[in-house]
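K.L.:
What follows is a structure written as structure tokens; I'll ask about it next.
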Amino acid sequence: MNDADRWILPVEPRTIRKFERYPALQTNWGFSVTFLRGLSDWCANRLSDNVETVAVAGSFGRLEGSLESDADYIMVVKDPQHPSVPTDKDVLQKGISSYGVSPPNKSGVFSQPRSKRQLMEPIGKADEKVDELGKRMLLLLESRPIYRAECFDELLDQLFGRYSEYITADQDKEFAFLANDLMRYFRYICVNYQATFWRQNEKWALRNLKLRHSRIVMYAGLLFLLGEASKHSGQNKVDTVRNHLQQTPLERLAWVYEQNHDNGFFRVLGLYNVFVSRLSDKKWREQLKDLEYEGRYNVGAFAEMKANSDAFVAELVRFIFARRGQWSERFFEYLFF
């Protein structure tokens, strides 16, 4: 067993048992675990000393990956300009490709390494680079370490500690700092999808449906943890979130539903299973290519999944508003103002 196994292997067996009724989620979970363990072994003795840790984000970070998924990764290094960086990136690309999985674009955002300082220092600054914001948030939202997991843990502690310092100083505080950055990142994704619509018109339908499913799960997984933490004060509030950062977004949601004795989580799993199963259906994906916006509801593949996403979001909204009187009023204020 390598040091990343405690992140890669199932954290909550109860959640896995729930997947038995949802074959797409169960299949993709198993494929993701196999892929990440193999990639972790591949990297073990091949990366340079300049690499501090590597984490996989996106669908594999959520343990929902398949052969149709890209393996987006976040490489944290001591020196982003070190001459070993191109070689380290090439090692990762080869390891990913050996499993038949698509690596990120070699010149894209995910292939560009960042240092701890670049992830930590810009928090809250007006001139912060979008890719640094994105990498920092994804580390908290949906990432699995595949190289030097102990360094990943240290980085996560530092990031979370930065967002928790006001609560540590004042037990009555909420996670306003983290909630604001979380909302900022999610809304940036929404705005970016809209702004790049016409430039990526041939992919807009698939990107839209991913936004309304997987991006929602990513966002809600942490947002619901912050809401649940608002029941507590001081260190208990901090521990409530930190103790569940190792979980996938779906596991976080499952835990929060259980804490509130709400039996509606089966709706979340059922609707999300439909989305995950469609992503692996090549015929379904073909129907979405070059889809004209005006005629989108005339194509069954899009109309079905738009209705699926409406029901999915409606269930999460129902759950949030059912927490009035349980989650703090301050938390609800931060959702709007």
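The values are calculated or read from the model by the stated rules, or taken from the named source; none is laboratory data. All of these numbers come straight from a predicted model, not from anything done at the bench. When we count neighbours, we look across all protein chains shown, and the Cβ atoms used for this are built from the backbone with ideal geometry, even at glycine. These area figures cover heavy atoms from the full protein model, side chains too; ligands, DNA and RNA do not enter into them. Shrake-Rupley method; radii C 1.70, N 1.55, O 1.52, S 1.80 Å.
K.L.:
Show Lys289, Lys282 ordered by accessible area, largest first, where the area counts protein heavy atoms only and the probe is 1.4 Å.
P.N.:
Lys282, Lys289
K.L.:
Once a ≥ b ≥ c are taken as the square roots of the eigenvalues of the Cα gyration tensor of the chain, is the result rounded (a/c under 1.5), prolate (a/b larger than b/c) or oblate (a/b not larger than b/c)?
P.N.:
Since a/c stays below 1.5, the shape of the chain is classed as rounded.
K.L.:
Let me ask something additional. Can you give me the relative contact order of the chain as a percent, contacts being Cα pairs under 8 Å and 6 or more apart?
P.N.:
Working: 410 pairs, mean separation 63.0, N = 337.
About 19 percent, as a whole number.
K.L.:
Then there's this: Of Lys125/Lys289; Lys129/Lys282; Lys89/Lys116; Lys116/Lys203, which ones are farther than 28 Å apart at the Cα?
P.N.:
Over 28 Å Cα-Cα: Lys125/Lys289; Lys129/Lys282; Lys116/Lys203.
K.L.:
Determine the shape class of segment 17-80: with a ≥ b ≥ c the square roots of the Cα gyration tensor eigenvalues, call it rounded for a/c under 1.5, and otherwise prolate if a/b is greater than b/c, oblate otherwise.
P.N.:
prolate
K.L.:
Hey, got the dipole for the chain? About the Cα centre, +1 on K and R Cβ, -1 on D and E Cβ, debye to the nearest 20?
P.N.:
660
K.L.:
What does the net charge come to around Ser32 if you take all other residues with beta carbon closer than 11 Å to its beta carbon, with K and R at +1 and D and E at -1?
P.N.:
In short, +2.
K.L.:
Of the peptides 158-170, 61-73, how do they stack up when ordered by the mean number of other Cβ atoms within 10 Å, highest first? Could the numbers behind the result be given before it?
P.N.:
Details: 158-170: 15.4, 61-73: 22.5.
Listed from highest to lowest mean packing, they are 61-73, 158-170.
K.L.:
For the chain, what does the helix formula give at 222 nm: sum of -39500 (n - 2.57) over DSSP H segments with n ≥ 4, over the residue count, nearest 500 deg cm²/dmol? Can you show the working numbers first?
P.N.:
Numbers: 17 runs with 202 residues, N = 337.
Value at 222 nm, helices only: -18500 deg cm²/dmol.
K.L.:
Follow-up question, since we're still on this one. Sort segment 141-231 into rounded, prolate or oblate with this rule: let a ≥ b ≥ c be the square roots of the eigenvalues of the Cα gyration tensor; rounded if a/c is under 1.5, and if a/c is not under 1.5, prolate when a/b is larger than b/c, oblate otherwise.
P.N.:
prolate
K.L.:
Of the options Ser233, Ile320, Thr248, report the single residue whose Cα projects farthest towards the positive end of the charge dipole of the chain (beta-carbon charges: Lys, Arg +1; Asp, Glu -1).
P.N.:
Toward the positive end, the furthest listed residue is Ile320.
K.L.:
Looking at the chain, send over the antiparallel percent of its DSSP beta bridges, to the nearest 5.
P.N.:
75
K.L.:
Given a 1.4 Å probe and heavy atoms of the protein chains only, how would you sort Glu286, Glu333, Glu294, largest accessible area at the top?
P.N.:
Glu294, Glu286, Glu333
K.L.:
Given the options Pro23, Pro113, Pro145, which has the most mean-square fluctuation in a GNM of the chain, springs set between C-alpha atoms less than 10 angstrom apart?
P.N.:
Residue with maximal mean-square fluctuation among Pro23, Pro113, Pro145: Pro23.
K.L.:
Report, to the nearest whole %, how much of the accessible area of the chain belongs to carbon and sulfur atoms, 1.4 Å probe, protein only.
P.N.:
Carbon with sulfur: 50 percent of the solvent-accessible area.
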